[in-house]
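Accompanying notes for the structure given below.
The values are calculated or read from the model by the stated rules, or taken from the named source; none is laboratory data. Worth saying up front: this structure is predicted, and the values here are computed from it rather than measured. Counting neighbours? That spans all protein chains shown, and the Cβs are built from the backbone with ideal geometry, glycine included. Note: areas computed on protein heavy atoms with side chains; ligands, DNA, RNA excluded. Shrake-Rupley method; radii C 1.70, N 1.55, O 1.52, S 1.80 Å.
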Amino acid sequence: MTVRLDYALATNGGSQSGVTDAHLDAEQDAFETGLQSILARVKNDELGFWKLPTSAPAADVHRWVGEVPDAIQDVIVLGIGGSSLGGRALYEALGGPPELREGRRLHFPDNSDPWRLARLLDALDPHKTLAIAISKSGGTVETAASFLVVRGWLKAAGAPFEKHLLAITDPAGGSLRALADAEGLSTFSIPPNVGGRFSVLKPVGLAPPARVGFDKDALHRGAHAMRARFESPQHRANPAGI
(Lines give C-alpha, C1' and ligand atoms only; values in the text may rest on other atoms or scores of the structure.)
Protein backbone atom coordinates (compact mmCIF):
# COMPACT_ATOMS: atom_id res chain seq x y z
CA MET A 1 0.00 0.00 0.00
CA THR A 2 1.37 3.43 -0.98
CA VAL A 3 0.44 6.56 0.94
CA ARG A 4 0.75 9.81 -1.01
CA LEU A 5 0.49 13.38 0.26
CA ASP A 6 -0.68 16.06 -2.20
CA TYR A 7 0.27 19.63 -1.29
CA ALA A 8 -1.19 21.17 -4.46
CA LEU A 9 -3.84 23.14 -2.58
CA ALA A 10 -1.44 24.42 0.09
CA THR A 11 -0.49 27.38 -2.16
CA ASN A 12 -2.79 29.89 -3.78
CA GLY A 13 -1.95 28.96 -7.38
CA GLY A 14 -2.29 32.55 -8.52
CA SER A 15 -5.51 33.32 -6.66
CA GLN A 16 -5.88 36.09 -4.10
CA SER A 17 -6.06 33.82 -1.07
CA GLY A 18 -3.97 31.08 0.47
CA VAL A 19 -0.23 30.75 1.05
CA THR A 20 1.97 32.12 -1.74
CA ASP A 21 5.36 30.87 -2.91
CA ALA A 22 6.86 34.07 -1.53
CA HIS A 23 5.40 33.28 1.91
CA LEU A 24 7.00 29.85 1.83
CA ASP A 25 10.37 31.11 0.62
CA ALA A 26 10.47 33.73 3.39
CA GLU A 27 10.41 30.95 5.97
CA GLN A 28 13.44 29.06 4.61
CA ASP A 29 15.99 30.48 7.07
CA ALA A 30 13.72 30.01 10.08
CA PHE A 31 12.91 26.48 8.97
CA GLU A 32 16.56 25.54 8.59
CA THR A 33 17.37 26.96 12.03
CA GLY A 34 14.53 24.97 13.59
CA LEU A 35 15.59 21.78 11.85
CA GLN A 36 19.18 22.11 13.06
CA SER A 37 17.88 22.57 16.59
CA ILE A 38 15.90 19.34 16.32
CA LEU A 39 18.85 17.43 14.84
CA ALA A 40 21.09 18.65 17.67
CA ARG A 41 18.65 17.15 20.17
CA VAL A 42 18.71 13.91 18.18
CA LYS A 43 22.50 13.87 18.34
CA ASN A 44 22.33 14.29 22.12
CA ASP A 45 19.95 11.29 22.37
CA GLU A 46 17.07 13.42 23.61
CA LEU A 47 14.73 12.36 20.80
CA GLY A 48 15.19 8.62 20.51
CA PHE A 49 12.24 8.15 18.15
CA TRP A 50 14.16 9.82 15.31
CA LYS A 51 16.65 6.95 15.19
CA LEU A 52 14.09 4.16 15.24
CA PRO A 53 14.02 3.65 11.43
CA THR A 54 17.72 2.66 11.57
CA SER A 55 17.45 0.41 14.62
CA ALA A 56 16.60 -3.27 14.43
CA PRO A 57 13.30 -3.90 16.24
CA ALA A 58 11.78 -5.48 13.13
CA ALA A 59 14.20 -8.42 13.40
CA ASP A 60 13.30 -8.95 17.06
CA VAL A 61 9.60 -8.81 16.28
CA HIS A 62 10.03 -11.25 13.39
CA ARG A 63 11.74 -13.76 15.69
CA TRP A 64 9.01 -13.40 18.30
CA VAL A 65 6.21 -13.84 15.74
CA GLY A 66 7.77 -17.15 14.73
CA GLU A 67 7.57 -18.34 18.33
CA VAL A 68 3.88 -17.54 18.84
CA PRO A 69 1.68 -20.66 18.62
CA ASP A 70 -0.15 -21.03 15.31
CA ALA A 71 -3.38 -21.54 17.23
CA ILE A 72 -3.47 -17.86 18.22
CA GLN A 73 -6.28 -16.14 16.33
CA ASP A 74 -6.97 -13.08 18.49
CA VAL A 75 -4.56 -10.53 19.94
CA ILE A 76 -5.64 -8.16 22.74
CA VAL A 77 -3.55 -5.03 23.23
CA LEU A 78 -3.65 -4.00 26.90
CA GLY A 79 -2.47 -0.40 26.88
CA ILE A 80 -3.87 3.04 27.41
CA GLY A 81 -3.29 6.21 25.37
CA GLY A 82 0.05 6.26 23.56
CA SER A 83 0.73 2.61 24.43
CA SER A 84 -2.29 1.57 22.38
CA LEU A 85 -2.69 4.22 19.70
CA GLY A 86 0.42 3.40 17.64
CA GLY A 87 -0.53 -0.18 16.89
CA ARG A 88 -4.15 0.80 16.41
CA ALA A 89 -3.21 3.54 13.93
CA LEU A 90 -1.19 1.07 11.85
CA TYR A 91 -3.90 -1.57 12.00
CA GLU A 92 -6.67 0.75 10.87
CA ALA A 93 -4.69 2.87 8.39
CA LEU A 94 -2.98 0.03 6.54
CA GLY A 95 -5.48 -2.77 7.02
CA GLY A 96 -8.75 -1.07 6.24
CA PRO A 97 -11.83 -1.21 8.49
CA PRO A 98 -11.09 -3.76 11.25
CA GLU A 99 -14.59 -5.21 11.08
CA LEU A 100 -13.98 -6.23 7.46
CA ARG A 101 -10.66 -8.00 8.05
CA GLU A 102 -10.53 -11.77 7.82
CA GLY A 103 -8.19 -14.13 9.63
CA ARG A 104 -6.38 -13.09 12.81
CA ARG A 105 -7.85 -10.12 14.64
CA LEU A 106 -6.52 -7.32 16.84
CA HIS A 107 -8.52 -5.86 19.73
CA PHE A 108 -7.82 -2.55 21.46
CA PRO A 109 -9.94 -2.23 24.63
CA ASP A 110 -8.28 1.15 25.29
CA ASN A 111 -10.66 2.17 28.05
CA SER A 112 -10.67 2.00 31.83
CA ASP A 113 -14.34 0.97 31.79
CA PRO A 114 -14.35 -2.81 32.46
CA TRP A 115 -17.46 -3.45 30.34
CA ARG A 116 -15.63 -3.60 27.01
CA LEU A 117 -12.87 -5.92 28.22
CA ALA A 118 -15.31 -8.20 30.04
CA ARG A 119 -17.53 -8.57 26.95
CA LEU A 120 -14.47 -9.20 24.81
CA LEU A 121 -13.20 -11.98 27.06
CA ASP A 122 -16.66 -13.55 27.07
CA ALA A 123 -16.47 -13.83 23.29
CA LEU A 124 -12.89 -15.12 22.91
CA ASP A 125 -11.26 -18.50 23.42
CA PRO A 126 -8.35 -18.12 25.91
CA HIS A 127 -6.44 -20.95 24.21
CA LYS A 128 -6.52 -19.00 20.93
CA THR A 129 -5.81 -15.57 22.38
CA LEU A 130 -2.60 -13.65 23.00
CA ALA A 131 -2.54 -10.56 25.25
CA ILE A 132 0.12 -7.87 24.89
CA ALA A 133 0.52 -5.62 27.94
CA ILE A 134 2.19 -2.30 27.13
CA SER A 135 3.32 0.22 29.76
CA LYS A 136 6.52 2.24 29.57
CA SER A 137 6.65 2.83 33.32
CA GLY A 138 5.40 -0.64 34.12
CA GLY A 139 3.00 0.82 36.64
CA THR A 140 0.16 2.30 34.59
CA VAL A 141 -2.92 1.56 36.70
CA GLU A 142 -5.35 0.96 33.82
CA THR A 143 -2.94 -1.43 32.08
CA ALA A 144 -2.06 -3.24 35.32
CA ALA A 145 -5.73 -3.81 36.12
CA SER A 146 -6.51 -5.15 32.64
CA PHE A 147 -3.41 -7.33 32.72
CA LEU A 148 -4.42 -8.95 36.01
CA VAL A 149 -7.95 -9.57 34.71
CA VAL A 150 -6.65 -11.28 31.56
CA ARG A 151 -4.04 -13.19 33.54
CA GLY A 152 -6.79 -14.55 35.77
CA TRP A 153 -8.89 -15.41 32.70
CA LEU A 154 -6.01 -17.40 31.18
CA LYS A 155 -5.23 -19.12 34.48
CA ALA A 156 -8.84 -20.24 34.93
CA ALA A 157 -8.73 -21.81 31.45
CA GLY A 158 -5.38 -23.50 32.02
CA ALA A 159 -3.69 -21.53 29.22
CA PRO A 160 0.06 -21.22 29.96
CA PHE A 161 1.09 -17.60 30.56
CA GLU A 162 4.38 -17.85 28.68
CA LYS A 163 2.52 -18.67 25.44
CA HIS A 164 -0.36 -16.24 25.83
CA LEU A 165 1.15 -13.12 27.39
CA LEU A 166 3.73 -10.63 26.13
CA ALA A 167 4.98 -7.60 28.09
CA ILE A 168 6.41 -4.43 26.52
CA THR A 169 7.81 -2.16 29.20
CA ASP A 170 10.85 -0.54 30.82
CA PRO A 171 14.08 -2.49 30.18
CA ALA A 172 14.91 -2.85 33.88
CA GLY A 173 12.36 -1.46 36.35
CA GLY A 174 8.66 -1.30 37.08
CA SER A 175 6.03 -3.74 38.29
CA LEU A 176 5.24 -5.12 34.83
CA ARG A 177 8.91 -5.97 34.20
CA ALA A 178 9.19 -7.70 37.57
CA LEU A 179 6.02 -9.73 37.00
CA ALA A 180 7.04 -10.68 33.46
CA ASP A 181 10.43 -11.89 34.66
CA ALA A 182 8.86 -13.85 37.51
CA GLU A 183 6.36 -15.52 35.14
CA GLY A 184 8.92 -16.22 32.41
CA LEU A 185 7.05 -14.12 29.85
CA SER A 186 8.43 -12.90 26.54
CA THR A 187 9.27 -9.20 26.76
CA PHE A 188 10.31 -6.23 24.67
CA SER A 189 11.80 -3.03 26.03
CA ILE A 190 10.85 0.61 25.49
CA PRO A 191 13.97 2.85 25.49
CA PRO A 192 13.94 5.57 28.16
CA ASN A 193 14.31 8.31 25.52
CA VAL A 194 11.32 7.15 23.42
CA GLY A 195 7.92 8.29 24.65
CA GLY A 196 4.91 6.01 24.33
CA ARG A 197 3.33 8.26 21.71
CA PHE A 198 6.47 8.06 19.56
CA SER A 199 7.18 4.34 19.85
CA VAL A 200 5.20 3.03 16.88
CA LEU A 201 8.42 1.80 15.23
CA LYS A 202 9.35 -0.14 18.35
CA PRO A 203 7.57 -3.39 19.33
CA VAL A 204 4.91 -1.18 20.98
CA GLY A 205 3.54 -0.48 17.50
CA LEU A 206 5.08 -3.26 15.44
CA ALA A 207 4.31 -6.38 17.46
CA PRO A 208 0.48 -6.33 17.39
CA PRO A 209 0.07 -5.78 13.60
CA ALA A 210 2.96 -8.15 12.83
CA ARG A 211 1.19 -11.01 14.61
CA VAL A 212 -1.83 -10.64 12.34
CA GLY A 213 0.22 -10.59 9.13
CA PHE A 214 1.25 -7.00 8.44
CA ASP A 215 4.53 -6.44 6.54
CA LYS A 216 6.66 -4.88 9.29
CA ASP A 217 9.77 -4.79 7.06
CA ALA A 218 8.00 -2.70 4.42
CA LEU A 219 6.77 -0.38 7.15
CA HIS A 220 10.32 0.06 8.41
CA ARG A 221 11.64 0.80 4.92
CA GLY A 222 8.94 3.40 4.41
CA ALA A 223 9.77 5.05 7.74
CA HIS A 224 13.45 5.14 6.82
CA ALA A 225 12.65 6.83 3.51
CA MET A 226 10.40 9.39 5.19
CA ARG A 227 12.99 10.21 7.83
CA ALA A 228 15.47 11.06 5.05
CA ARG A 229 12.91 13.52 3.65
CA PHE A 230 12.37 15.09 7.07
CA GLU A 231 16.12 15.72 7.36
CA SER A 232 16.23 17.81 4.18
CA PRO A 233 17.18 21.44 4.94
CA GLN A 234 15.14 22.60 1.92
CA HIS A 235 11.72 23.30 3.34
CA ARG A 236 9.96 22.67 0.03
CA ALA A 237 11.40 19.16 -0.11
CA ASN A 238 10.63 18.51 3.55
CA PRO A 239 7.02 17.64 4.51
CA ALA A 240 7.49 19.54 7.79
CA GLY A 241 8.35 22.68 5.87
CA ILE A 242 5.30 22.87 3.63
* Along the charge dipole of the chain, Cβ charges K/R +1 and D/E -1, which of His62, Leu154, Asn44 sits furthest on the positive end? -> Leu154
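May I ask you to give the percent of accessible area on segment 175-242 that is carbon plus sulfur, with a probe radius of 1.4 Å?
Of the solvent-accessible surface of segment 175-242, carbon and sulfur hold 55 percent.
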* How big is the accessible area of Arg101 in square angstrom, nearest 10, if you roll a 1.4 angstrom probe over the protein chains? -> 60 Å²
* segment 89-242 - accessible surface per residue (Å², probe 1.4 Å) -> 49 Å²
* From the list (i) 1.05; (ii) 0.96; (iii) 0.99, can you say which value of Rg/Rh (Cα atoms, Kirkwood Rh) was derived from the structure given? -> (i)
* Karplus 3J(HN,Hα) series, Hz, for segment 126-138 with 6.51 cos²θ - 1.76 cosθ + 1.60 (x for Gly, Pro) -> x, 6, 10, 10, 10, 10, 10, 8, 10, 7, 4, 6, x
* Structure fact -> In order over segment 213-222: 3J(HN,Hα) from phi, Karplus 6.51/-1.76/1.60, θ = phi - 60°, whole Hz, x for each Gly or Pro, gives x, 6, 7, 5, 5, 5, 4, 5, 4, x
* To do: Ignoring everything but the protein chains, give the 1.4 Å probe accessible area of Trp50 in square angstrom, nearest 10.
  => 40 Å²
* segment 97-148: GluC sites (Glu not before Pro) in DSSP loop, at most 16 other beta carbons within 10 Å -> Glu102
* Structure fact -> For segment 39-124, the accessible surface attributable to carbon and sulfur atoms (probe 1.4 angstrom, ligands and nucleic acids excluded) amounts in percent to 52 percent
* To do: Straight distance only, please: which lysines reach the Cα of Lys163 with their own Cα at less than 23 Å, same-chain residues fewer than 8 apart left out?
  => Lys128, Lys136, Lys155, Lys202, Lys216
* **Lys163 accessible area, assembled protein chains, probe 1.4 Å, Å²** => 110 Å²
* With charges only on Cβ, +1 for K and R and -1 for D and E, what is the dipole size of the chain about its Cα centre, in debye, rounded to 20? -> 400 debye
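Given an 8 Å cut-off on Cα distances and at least 6 residues of separation, report the relative contact order of the chain as a percent.
Dividing the mean separation by the residue count of the chain yields 26 percent.
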* Rounded to whole Å and ordered largest first, report the semi-axes of the equivalent ellipsoid of segment 149-211 derived from its Cα gyration tensor (root of 5λ). => 23, 14, 9
* Using a simple charge model, +1 on the beta-carbon of Lys and Arg, -1 on the beta-carbon of Asp and Glu, nothing else, what dipole does segment 39-135 show about its Cα centre, in debye to the nearest 20? -> 260 debye
* **Cα centroid separation, segment 155-170 to segment 180-196 (Å)** => 14 Å
